[in-house]
Each structure stands twice: as structure tokens, then as C-alpha cells.
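> Pasting a structure here, questions to come.
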Amino acid sequence: MAEGGFPPGFLWGAATAAYQIEGAVDEGGRGESIWDRFSHTPGKTRDGDTGDVACDHYHRYRDDVRIMRELGLAAYRFSVAWPRIFPEGRGRPNPDGVAFYERLLDELEKAGIQPVVTLYHWDLPQALQDRGGWPHRDTAYRFADYAAWMFERLGDRVPYWITHNEPFVVSILGHVTGEHAPGLNDPAAGFRTAHHLLLSHGLAVQAFREGGRRKGRIGITLNLSPVHPASGSPEDEAAARRVDGLINRWFLDPLFRGAYPEDMVEHFGRLIPLPEASEDDMRLISQDVDFLGVNYYSRQVVRHDPGELFLQMRQIDGPGPKTEMGWEVYPAGLGEILRRLHEAYTKAPLFVTENGAAYPDTVSPDGAVHDPDRIAYLRDHLLELSRVIAGGVPVQGYFLWSLMDNFEWAHGYSKRFGILYVDYPTQRRIWKDSAYWYRRVIEANAVVE
Ligand code: GBH
């Protein structure tokens, strides 16, 4: 394979998530989610932004799929809003809710685009939050019921299922730092959440395998980052191991080795009560998946800091350029993570389920959106990916984050990750230069200038 080339059949895609693009939060019988509640709570999101309208994709999905086809996408990763399917999180399913996703699948099918469906991208039904949310074990069983219902209903049409998106972010940003819904500051709840998310993943995989007649494949998506010490000092190296132990190993080890990492159990166990992890739970969690999804944006550089209670560390800026999120551009980290996964954790196929960058895009007087920084970011990460694959790591697809600008969680609409620019007042989608560029990459099956 030539430099910058990709294997035949490589799955080129783009990704979105329900709450970030759909809008129509009161339509089609949808129930309230924790992100509706959180974003409508004063002070939680930038400028009080909410997902009430977002990109209005709920009404514009046909046009959006047409653009996907024009881009030449082979696959589209989206998420299902659980409260559209079960407005109360459990009980009776809402027929109008699933009908929306059936219409979307119809359009994708006509366009020849493979759907990759994430079941949980952070929008828990508020009714389940009211009963204790993810820190409460029962929520794992409710997720499994929802997942099983989706497999039953759409199993014939969906080739790839992803149970969860980024359980680290749900656990830590949602329950420990409180930057995300439900906005808790309760470390013990964060670790119960992590365990119940993993358990619910295991239960869903079990439901998927039952009967052994499913056509599709099932996996999970983790946000993974290499963690590097600020210096060669033993203190900084230990700090880096701890951060790695939380972001990466706390999720990888249970999934692929059937146990939480011992050094971290000891570390956190001194600070807070950790949930009981029975052998039965760990067996469920570590069932084989068909693939692992990796969301990669940046690395972490950390320094020992005894004043910080939780991990005794402080994050410092790496030397590279930063995106508008303040995240260092560090393409080598993508290769580092993927090689490590293949060597130390799993021989299963890997997918990059998110990778991309926010930059302060504007529409020029000529009507175009020139985003050379984003093209450079994507190009350098794809060049790294093509080298990783050439080196024998089985990465089967790449999903750019994101298809279009959208509701960037606590940052609201202030951060634009799309290759399509969304003019929110008119909802017009404008192709950024990166969209034209990505179309050429897909067409060439190789990184192009
Ligand atoms: C993803 O989250 C989400 O899946 C997606 O919905 C979101 O829009 C997109 O990325 C862009 O943000 O916070 O210092 O640990 C990414 C979440 C961001 C978590 C980077 C880890 C590392 C920097 N990740 N973060 S830090």
C-alpha cells in the first residue's frame, strides 16, 4: 500500500450524536433526557445554550443524508435517543420514536450508507435519573432492556452496534467534575456509574448474542488518550500512570482482562468506597466484543502535584499547537493508542469512531468556509492511521467528528467541529473546505493534498 493509502473496503464515515443534532425535543412523543434538564438549568452551558433545536436534524434528516451521499460516505455513525424509544426510560415503547430511526435507516439504505448505531451517547431518560440514574444498579438492567428491544426491532438492518460512547466521560464529567449532565460532584457515584455502564454493556452484549442469530456486530466506544509524564522524574511518571489508570485502564482492563487495575483499586480505595465488582459482573463485562471503537482527540501531559486530592497530579500544556478546545494537536498519539490496544488488550478489529477538531470557522465574503487548520489536523491523523494499518493493526474504519457543527455539550454552539458549517439562524449547511477535501480522500481511499 502506498504512503497514505488505505486497504480496500476501508469504512469511511462521519459521526454525530442524537442530542447534539436532532432538536425536536418535544416531538414524536420523546421524553425528557438529563441533557434537557441540565442545559435548561441556568449556568450549566455556555450562553444557556440547549439542544431544543440544535441542527434540526429530526426534520432535515433527508437533506442531511443527501449530503452524506454527495460526500461519498460509506458509513454514518449516529446515536439513538433512548427517551424517544422509552420516554420514561422503561415500560411501554413509543412507536413514533423508533419510526424516526426507521425513516433515517430507509434513507441511509437508499443512499448505500452503512449505519453504525450508538445506543447511549449521554441522553439518559430523566425519569431514570429521578430513580437514581447510573449510580443506581437498576439503570444497567433498564439499559439492557432498551438495547434488547432495539436489537429485536432493528437488528436486521444495523450492521454495527455500539453500546456506549465514552463511559469515562459519563462517569467522571457527569458525576465527579459535574461539567456534564447530571452535574454531580460525587466521586463515589462516579465509580458506581462506571461499573454500571460497563455492566450494562455486558448485559446488552449478552442480549445481542442470545439465540445466536444476529447478523450485525457489536462493540463499545472508549475515549482513549496516551498519558505522558511532564518529566522523567519518578513522581511525574507515577502521576502519568495514575491518569492512564483512570482514563484508559479503568475501562480497558475490565473489558479485556476481566478486572479493574489493581494499582488504581488500591489508590481510589483509599479515598472513596468503590462498588463491589462480583465475578459474575466481571464475566459479563469481559465478554468478547466484535470490535472496539476508539475516540481520539489528543494526549495528556501530567505533572505530580500532591496538593490535588484525587490523582495528585496536574495537567500541563504539551508543546504542540492547540485547537479551539485548547487540546494539543498530537497525531502520533493516535498510533500510540491503537498499537497499544492491539498489543496489550485485544486482537479484535478496531474502528476510530471519532477524531476531529474545533476551530473558529466563519463564512467568508465569497460564501466559502476556509478551514485549513482542520484539514491539516485530519490529514496528519489520517497519515498516522495509514502507517498504523500498514504496521499490521486491524483498523477497519474511520469516523470523522463531526459531520456538521452541533451542540458541543457544555460549550453550546460556540465550538464548531463539523466539516459542514451550520448557519443556525437559517439551518443552512455549508460545505467547509475540509468537506470537499474529505470527499477526495474517500474517493482516492488515500490521504490527498
Ligand atoms: C467526544 O467527547 C464526544 O463523544 C462528542 O460528543 C463530542 O462532541 C466530541 O468528543 C468533541 O468534544 O478533558 O483534559 O481530559 C470527547 C471527550 C475530550 C474527553 C478530550 C477527554 C481529553 C482532554 N474527550 N478529553 S481532558
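The values are calculated or read from the model by the stated rules, or taken from the named source; none is laboratory data. All values reported here derive from a predicted model rather than from experimental measurement. Methodologically, a virtual Cβ is constructed for each residue, glycine included, from the backbone with ideal geometry; neighbour enumeration extends over all protein chains shown. In case anyone asks, the SASA skips ligands and DNA or RNA and just uses the protein heavy atoms, side chains included. Shrake-Rupley method; radii C 1.70, N 1.55, O 1.52, S 1.80 Å.
> Under a Cβ-only charge scheme (Lys and Arg +1, Asp and Glu -1), can you give me the dipole magnitude of the range 162-287 about the Cα centre, in debye to the nearest 20?
On the way: 12 positive and 16 negative charges, 159 e Å.
With only Lys, Arg, Asp and Glu charged at Cβ, the dipole is about 760 debye.
> For Lys110, which aspartates and glutamates qualify as cross-link partners when the Cα separation must be under 18 Å and same-chain residues fewer than eight apart are set aside?
Correct list for Lys110: Asp63, Asp64, Glu70, Glu102, Asp156.
> For a quick check of your reading of the filter: which GluC sites (Glu not before Pro) in the range 300-354 sit in a DSSP loop and have no more than 11 other Cβ atoms within 10 Å?
Values: sites: Glu308, Glu324, Glu328, Glu336, Glu343, Glu354; in loops: Glu308, Glu324.
When the GluC sites (Glu not before Pro) of the range 300-354 are filtered for loop state and at most 11 Cβ neighbours within 10 Å, nothing remains.
> Can you give the % of DSSP beta bridges in the chain that are antiparallel, to the nearest 5?
20 percent
> Which of the pairs Lys215/Lys347; Lys322/Lys415; Lys44/Lys322 have their Cα atoms more than 23 Å apart in this structure?
On the way: Lys215/Lys347 21 Å; Lys322/Lys415 14 Å; Lys44/Lys322 25 Å.
Exceeds cut-off: Lys44/Lys322.
> Now, a different point. Please work out the average accessible area per residue across the chain, using the 1.4 Å probe convention, and give it in Å².
Numbers: 16880 Å² over 449 residues.
Ligands and nucleic acids excluded, the result is 38 Å² per residue.
> Follow-up question, since we're still on this one. Please name whichever of Val176, Pro42, Val388 sits farthest to the positive end of the charge dipole of the chain, dipole taken about the Cα centre and charges placed at Cβ: Lys and Arg +1, Asp and Glu -1.
Farthest along the dipole direction, towards plus: Val388.
> Quick check: pseudo-label points 7 Å beyond the Cα along Cα→Cβ at Tyr436 and Val265, how many nm apart are they?
So the two model labels end up 5.6 nm from each other.
> Dipole size in debye (nearest 20) for the chain around its Cα centre, Lys and Arg Cβ +1, Asp and Glu Cβ -1? All intermediate terms of the calculation are to be shown ahead of the outcome.
Working: 48 positive and 63 negative charges, 183 e Å.
With only Lys, Arg, Asp and Glu charged at Cβ, the dipole is about 880 debye.
> Just to be sure I follow the definition: excluding the sites themselves, where is the longest run in the chain that has none of the trypsin sites (Lys or Arg not before Pro) in a DSSP loop with at most 11 other Cβ atoms within 10 Å? Numbers along the way, then the final one.
Numbers: sites that count: Arg213, Lys215, Arg270, Lys347.
Counting only loop sites that pass the neighbour cut-off, the longest clear stretch is 1-212.
> Just from its helices, what would the mean residue ellipticity at 222 nm be for the chain, if runs of 4 or more DSSP H residues each count -39500 (n - 2.57) and the sum is divided by every residue, rounded to the nearest 500 deg cm²/dmol? Intermediate values should be presented prior to the final figure.
Numbers: 15 runs with 165 residues, N = 449.
After summing the helix terms and dividing by residue count, I get -11000 deg cm²/dmol.
> Based on the Kirkwood radius over alpha-carbon pairs, what is the Stokes-Einstein translational diffusion coefficient of the chain at 25 °C with 0.890 mPa s viscosity, in µm²/s? Present the calculation step by step, with values, prior to reporting the outcome.
On the way: Rh = 22.1 Å.
Result for D is 111 µm²/s.
> Would you list the membrane-span-like helices of the chain, meaning whole DSSP H runs whose alpha-carbon atoms span at least 18 Å along their axis and whose mean Kyte-Doolittle value is at least -1.0? Let's see the in-between values first.
Details: long enough: 57-71 (20 Å, -1.54); 95-111 (24 Å, -0.42); 138-154 (24 Å, -0.31); 187-209 (33 Å, 0.35); 372-390 (27 Å, 0.06).
Counting only whole DSSP H runs, the qualifying helices are 95-111, 138-154, 187-209, 372-390.
> For the range 331-449, restrict the atom set to alpha-carbon positions and state the Rg and Dmax in Å.
Rg then Dmax for the range 331-449, in Å: 15.7, 51.
> Give me the number: length gained by fully extending Arg66 to Lys110, i.e. 0.36 nm times residue separation minus the C-alpha to C-alpha distance, one decimal in nm.
Details: separation 44, 0.36 × 44 = 15.84 nm, distance 0.99 nm.
Gain on extension, Arg66 to Lys110, equals 14.8 nm.
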